[in-house]
Structures are given as C-alpha cells and as structure tokens.
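Each remark here refers to the structure printed beneath this line.
The values are calculated or read from the model by the stated rules, or taken from the named source; none is laboratory data. All values derive from a computational prediction rather than experimental measurement. In this analysis, Cβ positions are derived from the backbone assuming ideal geometry, glycine residues included, and neighbour counts consider all displayed protein chains. Just the protein is used for accessible areas: all its heavy atoms, side chains included, with ligands, DNA and RNA removed. Shrake-Rupley method; radii C 1.70, N 1.55, O 1.52, S 1.80 Å.
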Amino acid sequence: MDENIKNYQYGIKSTLAQCMAISGVWFLQIELGAIVMVPTIVIGALENNASKDVNEFLTMTSKEASWFASLIYLFTPLGNLLSTLLLDRLGHKKCMILTNIPCLVAHIMLYFAENIDILYASSILMALGMGFSNAPSLAYAGEVCEPKLRGALTSALNIFYYGGSIILTTLYSYNMQWRLTVLITTVFPILTIVILLTTPDSPMWLLARGKHSKAHRNLSRLRGKVSYEKCENEFQEMVRYNVPSNNDEQHHKENTNIWKQLLEPEVLRPLRLMTIYFFYMNLLSGLPLLPYLVAILNTFAAPVNVEWTISFSMFLSVIGSLMAVFLIRKLGKRVLTLVTLSVCSICYILIGFIGVYWKNTESWTSWTVLILFLTTILVSSIGITPVSWTLVTEIFPAKCRNILCSIGTGVCFVITFFMTKYYPEFSILVGFFNVFTILGIFGLFGCIYFYFYLPETENKTLQEITEFFK
C-alpha cells in the first residue's frame, strides 16, 4: 500500500486538478443542500397559517406538512433507479447535468404554486433530482481522486451541501418570503450545468467502456497534466481493477449477470454495513428532523429568533464539515465514527432527561437543550454524516459500484422517508423529549456494532478495500 501511494504522489498541481474536476460535484451539493431545506422554510411559513408574509395565501395542515416533508425522500430511490439504468450508458458527467433539470423545474413550480398539490408535485421532482444525482456524483468523486486525497475531497462535499442550506435559510431569514427565496436559488442548477460541461469523464468509466486511450488522457489531466509515464502505475492499477485476471476469467463469465454479482459476499457485506451506517446517520444527525426545525426550536423555548437559529445551525454544519476534511485524514473514518456517534447519543439522552425532569423549572434548561441540540448538529457534521457519504464511494467493488451506489443511497432515503413521515406520530406517542432519549440509547448500541464491524478505509486503495470484504 505504501509503495502504491508513493507512486501516486504528483504534487500540488494534481491536487488542484482534482479539485477542479469535482467542483461540479461540489456545486451540485450546494443545490442539494438548498433543496433539502426547502420543506423547512415552506412548512415553517405555511403550517397552520404561520406565514409572516401578508401576501401569502397558501396554508397547510400538520398532516399535509408531514407528506410534503417526506415526499422529498420517498421518491428519491426512484431517481436512484433511473440513474442506475442510465449511468453505465451515459457516464457520470451527463447524468449529473441531467439531474439539474427536474430541480430547476421544481423551483419554478414552487414559486408559482397555488395549491398543496403543486407543492407535492414539486417535492416529488426535487426528490427525483436528488436521487438521480447521488450515484453519479458519489461514484465520480470516489473514482477521480487519489487514495490519499479521496477521503478529504469527498468529505468536502458536505461543506458545499451545508453551504447551500445556509444560503437558502439565510435568504429566507432576511426576506421572510419563501417564494422569492426558492426563485433566487434557481441560479444553483444553472451554474452547476455550466461547470459540469467542462468536467472530464471518469477514467474508470472510460476503461469500462473500452476507451483506454481517452481514459489515460483524462487521468493525465486529472493529475495536473502530467506525462503518461508518470501516471502509468496508477493507470495500470485502474486497468487491473476493471479487468479480471486470467485466473478469475471463468469466475467472471459465471457472474456476468449483475444480479448474481449482487449476491456475492464482497457485495453483500459492504451493502449491509452501509445500510446500518445510514440508519444510524439518520438517527443521530437530525436529518429527518430538518422539516420540523421551526416547531422543534419553538418547543425548546429558548429566547432566540428561530429562522436565524436555523441558519446558524447550518453554519455549524459547515464548520463541522471543514473540520472533517482534516480530521478524516488524521484520525481515520473509524475513530471519527465512534467518537461522533457517542457524543451525539449522549447529547440526545441528556436532552431527553432535561426535557422530562427539569423542563420549566429553571430558565437555563431551555438554553441547555438548545445548545445540546446544536452540538449534535456540529458533531454529526464532523463524523457520521461526511463519513457515510465517503464510505459509499469507496467500499463497493468496481464491477457493480454504480448500481450499489444507487441502492445504498436509495436505502438511505427510504430510511429518511419513514423517519421524517412518522416523526410527528412517534413524538405524540412517546412524548417530544422521550424521542431524544430513545434515539440516544439506540445510538449507543450503534457504537458497539461499529467498534466490531467497521473497517478503516482511509489511505487504502479501492482494491485493498474490496479485498477486505471478500
């Protein structure tokens, strides 16, 4: 491994070239970060006629709000499926360009929405765009980066993701008009398309299509326009990764059916790990709670402006994501997962206990639960959230990475849908603060599981990671 990494060191020009290559992915994340916060501002403005805009005529009930919030996750797997069907044929670049079209249409529909049905339709379009973008963007980011930079550059996706959330929530906090806010953010898909038009195709995808010369040329470009000889070692590693050896030829012929490949241990094991990881990421990152942040912060009863507090929480996520870029390389994904999951679990348990046993006894309790909640947002953005999306770009074998990225992210959003849709009912059933206690206790069990079953993938080649799961 050390020899491979030594051969792959190209210098600062290579790092800059890789940053430029995945800048389209980063801008796509800005767009997705804005989209995921749209239900938060719309529900905060319209639920039970809560809008502060005197010209707003739409309202929604709590049940309608739960559907609007969750539809954005329910139809995401369908977008994943569509990208799976087209990704191998069109490649990452074209698929990432296409994903902007439904997002752009959804923003325009939101601006002109006259009834709840239009809101539902726009939510479904945003879900399709989110789902369609996940597999090509994550697979592309994982394939074009050097092993030593892959963790840092892919974890930076979250910086831009939360940056989009900050932009949207800050715009809304400033003008308090959700329609104007979503109209302004149409600039994101337009800019993303422009940037992606200059993005090189993945050398891995080109090799899979039999385009060896273009793959070598693109790899040279991605490594700072170095000579073919200087990137020859990495290129041959990619060739070996994509083409089975003679000893494996018969095995390869027996498994040309993609569905048979999905039943192999090196596929099932990482898929199971990612399913469990996405479950705990949803459980402790607060992602399913985002659409209900206005109501949650009001329940905490701290004397703050709710809209600006939401913007501040997204700012904390950006800070956490910046820290993750450096800490992933220094500590590794395994340590970050265990530490951040533990901290978030403890904070949730404390929120639950304080809310049940000390709420309304002292004024400091409102501030304490708010600070603990904001702490979980910061800490999860340092570890469990960026690590989850980095892992999904790494741990699946090349022969079916595209479809597994789609399946993995689809599973994630199905989990998010159920947690988002049924959070209000669950909160009524067990009590608002007991929700946090239960989630925190489950999180501690997750720490135990990952201690025994989560491998370290940092600074490992994709081939080494695949060998681990065989």
Picking from I351, I395, I438, I346, the residue that is assigned to a loop (DSSP other than H, G, I, E, B) and of a type in the set (A, V, I, L, M) would be I395
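Return the total of residues in the stretch 99-117 being within 21 Å of the chain's Cα centre (by Cα) and open to solvent by 70 Å² or more (accessible area, probe 1.4 Å).
The total comes to 1.
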The conditions are (1) open to solvent by 10 Å² or more (accessible area, probe 1.4 Å); (2) in contact with a helix residue (DSSP H, G or I) (Cβ under 7 Å, 6 or more places away or on another chain); (3) basic (K, R), and R150 fails exactly one of them. Which is it? (1)
Being open to solvent by less than 10 Å² (accessible area, probe 1.4 Å) and in a helix (DSSP H, G or I) is the filter; apply it to the stretch 1-31 and report the residue that is modelled with the lowest pLDDT. S14
Within the stretch 276-298, how many residues turn out to be among the β-branched types (V, I, T) and either closer than 11 Å to M419 by Cβ or open to solvent by less than 10 Å² (accessible area, probe 1.4 Å) (or both)? 1
Taking the criterion of being of a type in the set (K, R), more than 20 Å from F27 (Cα to Cα) and either assigned to a loop (DSSP other than H, G, I, E, B) or open to solvent by 60 Å² or more (accessible area, probe 1.4 Å) (or both), would at least one residue in the stretch 173-187 satisfy it? no
Looking at T76 and the list (1) among the polar types (S, T, N, Q); (2) within 18 Å of the chain's Cα centre (by Cα); (3) surrounded by fewer than 24 Cβ atoms within 10 Å (Cβ to Cβ), which single condition is not satisfied? (3)
Of everything in the stretch 263-275 that's open to solvent by less than 30 Å² (accessible area, probe 1.4 Å) and assigned to a helix (DSSP H, G or I), which residue is nearest to I310 (Cα to Cα)? M274
Residues of the stretch 213-227 being of a type in the set (A, V, I, L, M, F, W, C) and open to solvent by less than 20 Å² (accessible area, probe 1.4 Å), in sequence order, are A215, L219, L222
Number of the condition not met by W67 [criteria: (1) among the hydrophobic types (A, V, I, L, M, F, W, C); (2) buried (at least 24 other Cβ atoms within 10 Å of the Cβ); (3) more than 20 Å from P189 (Cβ to Cβ)]: (2)
Unique match (being surrounded by fewer than 20 Cβ atoms within 10 Å (Cβ to Cβ), within 24 Å of the chain's Cα centre (by Cα) and closer than 11 Å to I377 by Cα) among I319, I346: I319
Candidates F132, F57 - the one that is of a type in the set (F, W, Y) and part of a helix (DSSP H, G or I): F132
Inspect all residues belonging to the stretch 322-332 and state whether any of them is farther than 22 Å from A301 by Cα and buried (at least 24 other Cβ atoms within 10 Å of the Cβ). yes
Keeping to the stretch 378-428, report how many residues are touching a Phe, Trp or Tyr at 6+ places or on another chain (Cβ under 8 Å), open to solvent by 20 Å² or more (accessible area, probe 1.4 Å), more than 15 Å from M274 (Cα to Cα) and not small (G, A, S). 2
Among (1) in contact with a Ser or Thr (Cβ under 8 Å, 6 or more places away or on another chain); (2) open to solvent by less than 70 Å² (accessible area, probe 1.4 Å), Y120 falls short only on (1)
Scope the stretch 142-160; condition among the aliphatic types (A, V, I, L, M) and in contact with a Lys or Arg (Cβ under 8 Å, 6 or more places away or on another chain); matching residues: A152
Consider only pairs whose beta carbons are under 9 Å apart and that are at least six residues apart or on different chains; among these, list those whose first residue lies in the stretch 75-89 and is more than 15 Å from L138 (Cβ to Cβ) and in contact (Cβ under 8 Å) with a residue 24 or more places away in the chain and whose second residue is open to solvent by less than 60 Å² (accessible area, probe 1.4 Å) and of a type in the set (K, R). none
